[in-house]
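Participant: Please see the structure below; I have some questions.
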Amino acid sequence: MTNTNNVAAHIDNSRARQNINKENAIALAKIGVAVFPSSGKTPLIPMFNKLDTEISPADRDAAIEKYREHHEDKAPIHVGATKDPEVIKRMWRAHRDAVPSIATGPSGLVVLDADQKDDGPAKMRALFEENGGLPQGVIDSPTKSQGVHFIFADPERSFSNKAGALKKEYGTDVRGSGGQIVAPGSLLDDGRSYGTRDDLVRFLRAYNNKSFPEVPEFIQGLIGAQAEHNDDTSPSKERDVIKALQDADWDKHENDFDPDLPTYDLEALRTTNAEFKELYDNPSSDCSTNRFLAARHVMREWPDMPAPALSIFFSQWEGAGTYTDEKPKSGEYDDRQIAREWLKNQGLSKPSKGDAFGVVEVDEKAEYLEVHGNVVDFDSWHEGIQAKRAERGARLERAEERAQEEVSQPTSKDERAKRFVYIENIRGAVRRALDWCIKFFVARGTTSVATGLWGAGKTAVFTDIGLHVGHGFEWRGRKVKKGVVIYVALENSEDVERRVEAWCELMERAGRDVSGGAFVVHRGPCRLFDPTGKATRDEKDLIEIANTAAEHYGLPTAMIVIDTLAQSIMPGNDNDSQDAGIYTAAMQRIVAATGANVTALAHPTKSGEGVRGSGALQANVDTVIEVSRDGAGRGTIKAGSKFRIGNPSKVSFGYRLRSQSLGQDADGDDIDIVLAVEPSVDTGSMGAVEDDADAAALTPPDTAADKLAATRRVFKERVAHLSEATGEGLDKIGMTAKDVFAALNRDRKVSGLPELKDRTIVSRLLGRLAESGEIVKSGDNRATEYKLVG
């Protein structure tokens, strides 16, 4: 069944997904991994399991000719996997939707691919535990279907794709010379992924440091051995079942699942088995996994079901995919796959009522032996299993009783009346007025995403907005209703606190009374994402903090600013539509619990337009606000791609970033804090400010101390940006003088200052920062790097 919302979300984030996959491929190639583009299952170039520089001209020509025969005489974009980033760029221009796959042999790797369908991950982890735990240095990276890739080194290319008993007894394949895996961190167009960016970073670090261990001997023994038990899906048995399918009397089975006179009552199974109902009604896009799970459910319910009946079931359920009598492609299946699923599920017994959630009653002692290796503790294990089954059964019965009560108790007339309204009652009705924090701009009870490029001053702008609301001061000539503001400072709470102090000093010098402010800095952490969709502990704490602050100040909570979205959505991915939906649902729960406006500060796309990540971030909030600065340093705050609480034409404000001194450090140098002020400051919003002070805001000072402060700031901002993009720790990211020179000149251009021409100025500034102990220097040549002190 197609989920149109997910389809729309996938379309919205396709460009971001494409860019991430291409950048991942380049990052892999740069450290020597052999990479090629694939669809996730199918390689998009010939000879993908060979390194391009190791392919002979004759073999390359033969591969191109064979490729032409199957692709309407079209030549491939490349032959072989590559370690050349420029080749990667060319391949991805031709295959924009490709995901990066790794040729394991040429990369000196061997991967144990544990399949979730065969309970491979659990069996492998148990096997490792029996042998001293997961070997140090192994990367265990998730696959798209809850499987796991256990990645080892194979410098001599000793392993092929033969798995021996490891496949038959532990549900795990081997990917060696001639094999491939989809790279960690890859994003598929159906919304699924092979782990996260963190998994990619772990892989890159391990590969670059050559820290992958080689395959331990007990695994090598399994790969070289045969299974100790019979294989119910052996080729001879498969052939027998396939022949039975081809010779079947299909008229006999045509009405097996007819809802009127069924041999197999699927509706009854859906009613009693919640797990099957969810699978049947909402199948995933992975048809192979769907068939495996569905076959297990129906054949556990009807153990005597013949293979033709299973085939009929698959043909009538869209979750199984499309039947083909040719070689199956993605989303297709043939008689062989029907036979395999039927053979895998022979001998399953019908579950008890307490087993409706999926426990399979097999020879439990054999199951225990298979996982744990001995039966010494079988009795205590078995008692625990039985207790869990009883608990599940009781839980199911309670759920059924509640559902029955809801069905048996009709909705009252008054309750039904609340669910609809006649048009004659709509017209002329008194509407609840929007509760504006800032008139026509920020309203309580709404959600917002504010986006702006690095250096645009989002933190300065929203600190200023929040402080005006928390003090009830008119902002940009707009009426403000005073309320409590919670500023969730996740990137640098000390910086926000210094801004608050500097803002208050500036206001006091302008003659304003700041003694009655209602403003709270939340220092974090504040994780608002849980994969299950449930409220996190941090979400509950944030609501409690907001309500406590409201009681403390005797005012309603007006605004909650989350700085930033990227920090608070971890470990979720803002490019994933499902993760984005979970995150915005958390925002809406906070709104419902506090009555406040919740605004998350986000980064834009690389082009600087719109909100980075899934379209769900914009689709699920009430307003999008854009913050930007031009080359002369003039800032603009305006309505973005969505503004449904008022008139977006009334949302257009200017600002300047102004440097404000806040005391001195131990060396007697000024501590400068950047504030967002109006382009032309007047008494309406900030009180009297001297003309020369306003001029200073328009033309920032450019002394040697200012250059040093700017270098310190852009260095930290650039490192923070790279840390967010790669997942590396702040103290692990190196910056060259060239990098800092370019970043500093971009900052100066935005601030209206002339660009620096002499690169040695930056080298000297970085040297001063190194002398002060703020950064460390590594090397003494053109490749010299500077890193933040850990």
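Participant: So is ALA720 surrounded by 15 or more Cβ atoms within 10 Å (Cβ to Cβ), under 30 Å from ILE20 (Cα atoms) and at pLDDT 85 or above or not?
Facilitator: no
Participant: Go through region 195-209 and report how many residues are farther than 10 Å from PRO184 by Cβ and not charged (D, E, K, R).
Facilitator: 4
Participant: Looking at region 166-180, can you tell me whether even one residue there is open to solvent by less than 40 Å² (accessible area, probe 1.4 Å), under 10 Å from GLY105 (Cβ atoms) and out of contact with any Asp or Glu (no Cβ under 9 Å at 6 or more places or on another chain)?
Facilitator: Yes, there is a match, as at least one residue in region 166-180 is open to solvent by less than 40 Å² (accessible area, probe 1.4 Å), under 10 Å from GLY105 (Cβ atoms) and out of contact with any Asp or Glu (no Cβ under 9 Å at 6 or more places or on another chain).
Participant: While we're on this one: Among (1) surrounded by fewer than 20 Cβ atoms within 10 Å (Cβ to Cβ); (2) over 19 Å from PRO604 (Cα atoms); (3) in contact (Cβ under 8 Å) with a residue 24 or more places away in the chain; (4) not hydroxyl-bearing (Ser, Thr, Tyr), which single condition is GLU544 missing?
Facilitator: (3)
Participant: Could you please give the count of residues in region 500-523 that are under 29 Å from ARG589 (Cα atoms) and surrounded by 16 or more Cβ atoms within 10 Å (Cβ to Cβ)?
Facilitator: Selection size over region 500-523: 7.
Participant: Hey, another quick one. Hey, any hits in region 286-293 for a residue that's modelled with pLDDT of 85 or more, in contact with a strand residue (DSSP E or B) (Cβ under 9 Å, 6 or more places away or on another chain) and buried (at least 16 other Cβ atoms within 10 Å of the Cβ)? Reasoning before the result, please.
Facilitator: Quick first cut of region 286-293, residues modelled with pLDDT of 85 or more only: 291.
Add one more test, that the residue is in contact with a strand residue (DSSP E or B) (Cβ under 9 Å, 6 or more places away or on another chain), and what stays is 291.
Filter once more, keeping what is buried (at least 16 other Cβ atoms within 10 Å of the Cβ): 291.
The answer is yes, given that some residue of region 286-293 is modelled with pLDDT of 85 or more, in contact with a strand residue (DSSP E or B) (Cβ under 9 Å, 6 or more places away or on another chain) and buried (at least 16 other Cβ atoms within 10 Å of the Cβ).
Participant: Follow-up question, since we're still on this one. Of all residues in region 459-499, which are of a type in the set (Gly, Ala, Ser), assigned to a helix (DSSP H, G or I) and surrounded by fewer than 22 Cβ atoms within 10 Å (Cβ to Cβ)?
Facilitator: SER493
Participant: Hey, does region 268-275 have a residue that's loosely packed, with under 12 Cβ neighbours inside 10 Å and at pLDDT 85 or above? Step through it out loud before you land on a result.
Facilitator: Initial filter on region 268-275 (loosely packed, with under 12 Cβ neighbours inside 10 Å): 268.
From what is left, the residues that are at pLDDT 85 or above are none.
Scanning region 268-275, I find no residue that is loosely packed, with under 12 Cβ neighbours inside 10 Å and at pLDDT 85 or above, so the answer is no.
Participant: Sticking with this one: Looking only at region 313-333, which residues are outside any helix (DSSP H, G or I), closer than 17 Å to PRO259 by Cα and free of Cβ contacts under 8 Å to residues at least 24 places away in the same chain? Even if it seems obvious, please write down each step before you answer.
Facilitator: We begin by selecting, within region 313-333, every residue outside any helix (DSSP H, G or I); these are 317, 321-333.
Within this subset, residues satisfying the condition of being closer than 17 Å to PRO259 by Cα are 317.
Passing the criteria: none in range.
Participant: Do we find that ARG202 is within 15 Å of the chain's Cα centre (by Cα) and open to solvent by 20 Å² or more (accessible area, probe 1.4 Å) in this structure? Don't jump to the end; show me each part of the working.
Facilitator: Working: within 15 Å of the chain's Cα centre (by Cα): no; open to solvent by 20 Å² or more (accessible area, probe 1.4 Å): yes.
Here the answer is no, as ARG202 does not meet what is asked.
Participant: Collect the residues in region 67-113 that are assigned to a helix (DSSP H, G or I) and open to solvent by 20 Å² or more (accessible area, probe 1.4 Å), keeping them in residue-number order.
Facilitator: Residues satisfying the conditions are TYR67, ARG68, GLU69, HIS70, PRO85, GLU86, LYS89, ARG90, ARG93, ALA94.
Participant: Now, a different point. Taking region 269-312 as the search range and keeping residues that are charged (D, E, K, R) and outside any helix (DSSP H, G or I), which one is farthest from ASP190 (Cα to Cα)?
Facilitator: Here the answer is ASP304.
Participant: While we're here: Given the residues GLY533, GLY615, GLY572, GLY554, which is the only one that is surrounded by fewer than 17 Cβ atoms within 10 Å (Cβ to Cβ) and either within 17 Å of the chain's Cα centre (by Cα) or in contact (Cβ under 8 Å) with a residue 40 or more places away in the chain (or both)?
Facilitator: Among GLY533, GLY615, GLY572, GLY554, only GLY533 is surrounded by fewer than 17 Cβ atoms within 10 Å (Cβ to Cβ) and either within 17 Å of the chain's Cα centre (by Cα) or in contact (Cβ under 8 Å) with a residue 40 or more places away in the chain (or both).
Participant: Can I ask one more? Yes or no: ALA696 under 21 Å from SER628 (Cα atoms), at pLDDT 70 or above and assigned to a helix (DSSP H, G or I)?
Facilitator: Against the criterion (under 21 Å from SER628 (Cα atoms), at pLDDT 70 or above and assigned to a helix (DSSP H, G or I)), ALA696 does not qualify.
Participant: Collect the residues in region 31-56 that are open to solvent by 40 Å² or more (accessible area, probe 1.4 Å) and of a type outside the set (Gly, Ala, Ser), keeping them in residue-number order. Working first, answer last.
Facilitator: The initial filter retains those residues of region 31-56 that are open to solvent by 40 Å² or more (accessible area, probe 1.4 Å), namely 31, 39, 41-42, 44, 47-50, 53-54, 56.
Residues satisfying the conditions are ILE31, LYS41, THR42, LEU44, MET47, PHE48, ASN49, LYS50, THR53, GLU54.
The values are calculated or read from the model by the stated rules, or taken from the named source; none is laboratory data. All of these numbers come straight from a predicted model, not from anything done at the bench. For neighbour counting, all protein chains shown are included, and Cβ atoms are generated from backbone atoms with ideal geometry for every residue, glycine included. Please note that ligands, DNA and RNA were not included when accessible areas were found on the heavy atoms of the full protein model with its side chains. Shrake-Rupley method; radii C 1.70, N 1.55, O 1.52, S 1.80 Å.
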